[in-house]
Every structure is written in C-alpha cells, then in structure tokens.
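Below: the structure, in structure tokens.
Where a number appears in this text, it was derived from the coordinates with a stated rule and is not lab data. Bear in mind that the values here come from a model prediction, so they are computed numbers and not experimental data. Don't worry about glycine lacking a Cβ; one is built from the backbone with ideal geometry, like all the others, and counts go over all protein chains shown.
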Amino acid sequence: MPTTHAVRPTPHSAYASKDTATRILDTAEGLFVEFGFDATSLRAITQQAHVNLAAVNYHFGSKDALFQAVLVRRLEPLNQQCIAELEALEASGAPFTVEAILMTFARPSLTLSKDPDRGGAMFVRLLSRAFVENHRLIRDTLPLQYSEFLVRYRNAFARVLPQLSEEERVWRLHLAFGLMFHAFAGNDMLKLFMKSDIVSARDPDTVVKHMIPFVAAGMVTPPLG
C-alpha cells in the first residue's frame with residue numbers, strides 16, 4: 001500500500017507551456033526522487049501535475065510504464081553522450097588511460113547534473129536511489145538501455161587493464177560505476193556521523209575532482225592473492 005504523503009501545490013502556470021506527457025514525467029520524477037517508487041501513488045502524481053488518471057493511462061498505461069519512461073528519457077541521451085566521448089577518446093590519439101576512460105563517463109554526467117532541463121541532479125539522485133532499492137523495473141529497464149554502454153566500457157577497460165582477469169575487471173566495473181552514481185547523487189555520508197563543512201557532496205565539480213583519482217586507483221590496484 002503506497003505511503004500517504006502530502007503533495008506540495010504547484011502553480012498551474014508553471015506547467016502551462018508543457019505538454020501533458022512532459023508534465024506527468026517531470027512530476028513523477030520529482031516524487032520518485034523524494035519518496036521512492038513504491039511510496040509514490042498515481043494520485044499524488046496526478047494532483048501535482050494537474051492532470052487526471054485517464055491522462056496517465058493514455059500516455060503511459062501504468063505506474064510501472066511511467067517509471068520506465070522517466071528513466072529512459074534521461075538514460076538514452078546520457079548513454080549516447082558517454083559512448084560518443086569514448087569514441088572521441090579512442091580516435092584522438094590521446095593517452096588511453098583508466099582516468100581518461102572514467103572521464104568519458106564523468107563529463108556527460110557532470111553536464112547532466114548541472115542541466116535542470118534534462119533532470120539535473122534530481123535525475124542523478126533518482127538513478128542512485130533506484131540502484132539502491134534494486135526495484136524489479138530497474139532490472140528490466142537498465143539492461144536494454146545499457147547493453148551497448150556496458151560492452152563499450154568493458155572493452156575499453158580490457159584494453160587498459162589486460163593484467164586483470166575478466167572476472168576481476170567486471171567486479172571493478174560494478175564497484176566503480178556504483179560508486180560514481182552514488183557520488184553524483186550528492187549524498188554526503190559523513191554528515192550522518194559528524195558535522196563537517198570540509199566535504200561538499202552537492203557540488204558536482206568537486207565530486208569529480210576527488211572521485212576520479214579515487215576510482216582510478218581502485219581500478220588499477222593489483223588484485224589480492
């Protein structure tokens with residue numbers, strides 16, 4: 001049963017220039033970030049988007065399909081930009097290093113996190129939350145959206161880390177991208193344990209500055225044993 005939560009009123013004028021499907025997607029994205037998939041009801045989405053349930057059913061068919069549409073509209077262009085960056089690196093003749101490969105993912109993600117018209121930090125937080133919750137819709141949607149992405153990056157890291165076994169490289173990809181998505185989500189874990197102004201996990205540029213060397217070091221370290 002979805003959790004009952006208050007829906008903040010949104011001025012109807014804010015949505016006047018957007019088509020119905022976009023209003024629904026934008027509203028659902030914000031509520032999924034704040035409350036999670038299971039705790040967000042279609043009623044809350046329709047109230048805040050100023051539409052009726054029939055409009056959601058017409059454009060998306062179900063809450064599951066709406067959640068998938070929220071993910072796909074952001075993931076598809078992000079994936080293509082990452083792949084384009086990777087191809088440009090391969091063709092440039094520049095040093096093909098672990099750090100350079102990681103930056104082909106970090107730069108488009110950084111751009112996305114700063115662009116509210118493309119979801120901005122809100123969508124990156126949604127993706128991070130979706131990974132943590134491991135919802136079945138994530139398992140259904142991401143393999144379709146990320147198949148080419150994963151193959152390209154898997155091959156790129158095989159090229160620069162030939163000393164590692166395939167199993168070891170896949171484990172490191174799993175950990176590296178999990179860490180990067182979490183870092184881009186802007187969650188400052190230290191604030192759970194201590195008050196500190198030293199770490200500012202909400203600034204994407206600062207995140208990248210500290211994240212890339214850390215992840216790269218983990219990728220290249222010799223395996224145990």
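Compared with the direct C-alpha span, the chain from Ala91 to Phe35 gains 15.9 nm at full extension, assuming 0.36 nm per residue. 3J(HN,Hα) along the stretch 67-75: 4, 4, 5, 4, 5, 5, 5, 9, 5 Hz, from the Karplus curve 6.51 cos²θ - 1.76 cosθ + 1.60 with θ = phi - 60°, whole Hz, x for Gly and Pro.
Extending 7 Å from the Cα toward the beta-carbon at both Ser62 and Glu167 defines two label points whose distance is 3.8 nm. Between Glu148 and Arg73, the simple spin-label model (points 7 angstrom out along Cα→Cβ) gives 2.1 nm. Neighbours of Ala176, meaning other residues whose beta-carbon lies under 14 angstrom from its beta-carbon, give a summed charge of +1 when Lys and Arg score +1 and Asp and Glu score -1. Take 205-217, 41-53 and order them by the average number of nearby Cβ atoms within 10 Å per residue, most first; the result is 41-53, 205-217. Looking at the stretch 64-114, the trypsin sites (Lys or Arg not before Pro) that sit in a DSSP loop and have at most 14 other Cβ atoms within 10 Å of their own Cβ are Lys114. The overall shape of the stretch 39-98, judged from the alpha-carbon gyration tensor, is prolate: a/c is not under 1.5, and a/b is greater than b/c.
In order along the stretch 39-52, the Karplus-derived 3J(HN,Hα) couplings, from 6.51 cos²θ - 1.76 cosθ + 1.60 at θ = phi - 60°, round to 8, 9, 8, 4, 4, 4, 5, 5, 5, 6, 7, 6, 9, 9 Hz, and Gly and Pro are given as x.
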